[in-house]
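**Q** Input: one structure, supplied below.
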Amino acid sequence: MSKMHFRTDIAATNPHAVQNNDSYVKDLETDVLIVGAGFGGVYLMHKLRQLGFKCKIFEAGKELGGIWHWNCYPGARVDTQVPIYEYSLPEVWKDWTWSERYPGFAELRQYFEHVEKKLDIKKDVAFETRVTGAQFDKPSSKWIIEAEDGRTAKARYLLLATGFAAKRHFPDWMGLDKFKGEIHHSSFWPDAGIDVKGKRVAVVGTGSTGVQIAQETGKTAGSVTVFQRTPNLALPMQQKPITKEEQQTRKPDYPELYKNRMKTFAGFPYDFAQKNTFDDSPEEREAFYQGLFDRGGFEFWLGNYKDLLYEKEANRQAYDFWAKKVRARITDPRKRDTLAPLEPPHAFGTKRPSLEQNYYEVLDRPENDVVDIKKTPIIEVTETGIKTEDGKLREFDVIALATGFDSVTGGMKNMGLKDVDGVPLSEKWKMGTWSYLGMTCSGFPNMFFLYGAQGPTAFSNGPSCVECQGDWIVDVMKKLKDEDIKYCDATREAEEAWRKNVTELSEKTLFPGTSSWYMGANIPGKPREQLNYAGGIPLYEKECREALDNGLQGFVTA
């Protein structure tokens with residue numbers, strides 16, 4: 001295949017720009033090198049600076065914000081309501097207000113500008129700096145980190161805050177490079193946007209990104225066609241504007257709110273109901289489900305009966321309610337059966353539901369369409385459109401690839417990390433993922449990561465997970481510094497035990513029965529395994545704290 005004319009990689013676009021701070025020196029020396037300047041990297045930098053650590057961040061993008069720096073596709077917005085989706089740091093939230101319950105990418109970028117004003121992070125960030133190699137040097141007890149443009153950094157600690165969606169996934173169809181219209185992966189959408197007015201738009205993929213692009217482009221496009229492999233069991237967002245006054249009135253409760261979010265399974269302000277599905281009569285159940293739907297967001301997923309994700313019959317009740325509600329919104333019988341089939345495509349909630357505003361109404365319109373690519377797979381992209389197995393060529397002006405990511409593990413496997421013996425992490429994780437506590441790896445001393453493999457990651461609200469893990473990492477580093485410990489390294493036995501723990505927690509649930517990116521099943525050839533900790537944040541925090549309080553149990557120190 002010839003070189004694609006659309007962006008497929010995060011390689012630094014302007015690596016030799018003249019920079020005005022010491023973060024860009026050719027051979028950087030620092031206590032801590034953090035990779036990534038999203039929620040996780042910024043939080044770690046702020047907390048570690050307070051303890052006197054000298055920290056630098058290498059960030060592949062041009063700005064703070066992580067996923068919100070990259071995401072500017074039509075309709076991109078967060079699926080967690082504010083103020084739950086923000087830092088619990090009073091210096092940040094005290095004088096910040098939002099305009100709506102679920103902010104879009106532009107407002108999230110403004111939030112990170114506000115974070116910068118308050119925390120002064122950028123002076124220690126090297127932007128457009130992509131890490132391509134890193135190995136711990138035992139004689140000096142330091143990490144040697146290489147950037148794509150030849151710069152290096154030496155640091156006692158290497159912290160990876162690359163997030164769970166750092167490596168894009170591109171489909172292997174023929175002809176992707178031939179298309180004469182506009183084609184972009186959702187996370188490489190042009191910052192200036194694309195004018196879709198009156199144009200024929202194809203959206204490939206039905207994760208939250210596909211849903212958001214279809215909804216948004218549906219406002220002005222001539223037509224929108226969604227190529228769906230699996231229906232998205234999307235939930236009502238119940239988006240609404242929020243006033244400054246409303247937020248100011250609630251601010252005295254924020255400290256309590258942030259404390260309480262760490263006590264729930266997924267770091268949200270609600271939790272599973274303390275009863276099972278069949279404890280209620282059919283009428284009570286219907287009313288309970290309706291209340292969850294009316295409140296919107298993830299409540300129907302994470303505030304539902306406590307057996308929802310464990311018992312098939314209970315799960316089916318929830319699915320049937322969902323299907324009934326959605327089917328009532330779709331008039332076209334074929335589209336109704338494609339988007340909300342009577343038989344569940346998988347157990348409800350074992351793939352992350354997306355939040356929608358008018359997705360089903362948009363696709364129900366006669367000019368728009370949904371193509372079931374399980375029945376008629378895409379075989380190639382031509383100069384003018386997309387061809388399916390039944391021989392049909394659909395012509396488009398714009399193709400949006402909402403084809404997702406090599407999630408949770410892809411980013412870390414893609415940055416040239418090697419253990420003390422020179423074995424690449426990508427090799428070690430080829431047949432499956434091993435970590436200890438979802439934050440460290442054996443053979444990688446003084447390296448910690450957050451919001452990644454085998455943590456609560458995709459089963460949690462991002463900032464809740466980041467703060468839970470970030471605080472633990474900071475406390476470990478403080479202990480190492482105070483006790484003059486050169487390095488700590490997880491043992492292989494501790495990794496094996498943690499993997500077993502993650503697997504056992506998952507096997508009690510319905511998650512393993514569904515082919516999802518949670519299980520690594522969206523990437524051809526990737527091992528099928530549970531990539532997230534399914535025990536909830538409170539239990540996770542308890543297990544991690546025990547390891548720390550018991551003298552760094554599971555680690556070798558020197």
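Just so you know, all these numbers are worked out from the coordinates, no wet-lab data involved. Everything quoted here is computed from the prediction, not taken from an experiment. Using ideal geometry, Cβ is built from the backbone for each residue, glycine included, and neighbour counts are taken over all protein chains shown.
**Q** Suppose every K and R has +1 on its Cβ and every D and E has -1 on its Cβ; what is the size of the dipole of the range 182-401 about the Cα centre, in Debye to the nearest 20? Don't skip to the answer; put the middle values down first.
**A** Numbers: 33 positive and 35 negative charges, 40 e Å.
Dipole size: approximately 200 debye.
**Q** Out of the DSSP beta bridges found with both residues in the chain, what percent are antiparallel (nearest 5)? Don't jump to the answer; show the numbers that get you there.
**A** Details: 25 of 65 bridges.
Antiparallel: roughly 40 percent of the beta bridges in the chain.
**Q** Can I ask one more? Can you put 346, 114, 185 in order, fewest other beta carbons within 10 Å first? Intermediate results must be reported in sequence, preceding the final value.
**A** Details: 346 18, 114 15, 185 24.
Fewest-to-most ranking of 346, 114, 185: 114, 346, 185.
**Q** If you don't mind, another one. Rank 353, 302, 288 by how far each Cα sits towards the positive end of the charge dipole of the range 182-401 (+1 on Lys, Arg Cβ; -1 on Asp, Glu Cβ) and give me just the farthest.
**A** After comparing all options, I get 302.
**Q** Calculate the spin-label point distance for residue 284 paired with residue 550, positioning each point 7 Å from the Cα along the beta-carbon direction, and give it in nanometres.
**A** Each label point is offset 7 Å from its Cα along the Cβ direction, giving 4.0 nm.
**Q** Using modelled backbone amide H atoms (1.01 Å from N, in-plane), which distant-in-sequence or interchain residues come within less than 5 Å of residue 355's amide H?
**A** 235
**Q** For each of 174, 412, count neighbouring Cβ atoms within 10 Å of the residue's Cβ, then give the residues from fewest to most.
**A** Details: 174 13, 412 24.
Ascending number of Cβ neighbours within 10 Å: 174, 412.
**Q** Between residue 508 and residue 293, what is the label-point separation in nm under the 7 Å Cα-to-beta-carbon projection?
**A** Placing both labels 7 Å along Cα→Cβ, they lie 3.1 nm apart.
**Q** Still on this structure: Taking the 0 to 90 degree range and rounding to the nearest ten, how far is the long axis of helix 462-482 tilted relative to the main principal axis of the chain, both from C-alpha atoms?
**A** Computed tilt is about 10 degrees.
**Q** Same structure again: What ranking do 380-392, 534-546 get when scored by the average of other Cβ atoms within 10 Å per residue, highest first?
**A** On the way: 380-392: 15.3, 534-546: 18.1.
For the peptides 380-392, 534-546, the packing ranking is 534-546, 380-392.
**Q** Where does helix 105-119 land angle-wise versus the long Cα axis of the chain, in degrees 0 to 90, nearest 10?
**A** Roughly 20 degrees, rounded to the nearest 10.
**Q** Distance in nm between label sites at residue 184 and residue 140, each 7 Å beyond Cα in the beta-carbon direction?
**A** The two pseudo-label positions are separated by 4.1 nm.
**Q** Something else: Multiplying the sequence separation of residue 110 and residue 486 by 0.36 nm and subtracting their Cα-Cα distance, what value in nm do you get?
**A** On the way: separation 376, 0.36 × 376 = 135.36 nm, distance 3.96 nm.
The residue 110-residue 486 span can extend by a further 131.4 nm.
**Q** If you count, for each residue, the other Cβ atoms within 10 Å and average over each peptide, how do 474-486, 458-470 line up from highest to lowest? Could you put the intermediate results ahead of the total?
**A** Values: 474-486: 15.4, 458-470: 24.8.
In descending order of packing, they fall as 458-470, 474-486.
**Q** So, one more: Once R0 is set to 25 Å, what does the formula 1/(1 + (r/R0)^6) return for the Cβ-Cβ distance between residue 331 and residue 240, expressed as a FRET efficiency to the nearest 0.05? Intermediate results must be reported in sequence, preceding the final value.
**A** Working: r = 26 Å, r/R0 = 1.05.
After rounding, the FRET efficiency stands at 0.40.
**Q** Compute the long axis of helix 208-217 from its Cα atoms, compare it with the longest principal axis of the Cα atoms of the chain, and write down the angle in degrees, 0 to 90, nearest 10.
**A** 50
**Q** Using 1/(1 + (r/R0)^6) with R0 = 25 angstrom and r between the beta carbons of residue 220 and residue 173, what's the FRET efficiency to the nearest 0.05? Let's see the in-between values first.
**A** Numbers: r = 27 Å, r/R0 = 1.09.
Computed FRET efficiency for residue 220 and residue 173 comes out at 0.40.
**Q** Within the range 423-460, find all residues whose amide N lies under 16 Å from a label point positioned 7 Å from the Cα of residue 501 along Cα-to-beta-carbon.
**A** Under cut-off, by backbone N: 434-442, 449-457.
**Q** Could you tell me the calculated FRET efficiency between residue 478 and residue 191, based on Cβ-Cβ distance and R0 = 45 angstrom, to the nearest 0.05?
**A** Working: r = 39 Å, r/R0 = 0.87.
That gives a FRET efficiency of 0.70.
**Q** Using alpha carbons only, how many angstrom separate the centre of the range 319-394 from the centre of the range 171-191?
**A** 21
**Q** Counting only residues 5 or more places away or on other chains, whose amide H sits under 5 Å from the amide H of residue 72 once H atoms are built in the peptide plane?
**A** Excluding prolines and chain starts, which carry no amide H, the hits are 189.
**Q** How much mean residue ellipticity at 222 nm does the chain get from its helices, if each DSSP H run of length 4 or more adds -39500 (n - 2.57) and you divide by all residues, to the nearest 500 deg cm²/dmol? List each step's numbers first, then the result.
**A** Details: 17 runs with 165 residues, N = 558.
Result for the chain: -8500 deg cm²/dmol, rounded to the nearest 500.
**Q** Can you list residues whose amide H is under 5 Å from residue 66's amide H, if they're 5+ apart or on another chain and H is modeled 1.01 Å from N?
**A** 37, 38
**Q** In addition: Among 489-496, 223-230, how do they line up from the highest to the lowest mean number of other beta-carbon atoms within 10 Å? Walk me through the numbers on the way to the answer.
**A** On the way: 489-496: 17.9, 223-230: 22.6.
In descending order of packing, they fall as 223-230, 489-496.
**Q** At 0.36 nm per residue, and after removing the present C-alpha to C-alpha distance, how many nm does the segment from residue 49 to residue 120 gain when stretched out fully? Show your work: numbers first, answer last.
**A** On the way: separation 71, 0.36 × 71 = 25.56 nm, distance 1.09 nm.
Here the segment from residue 49 to residue 120 would lengthen by 24.5 nm.
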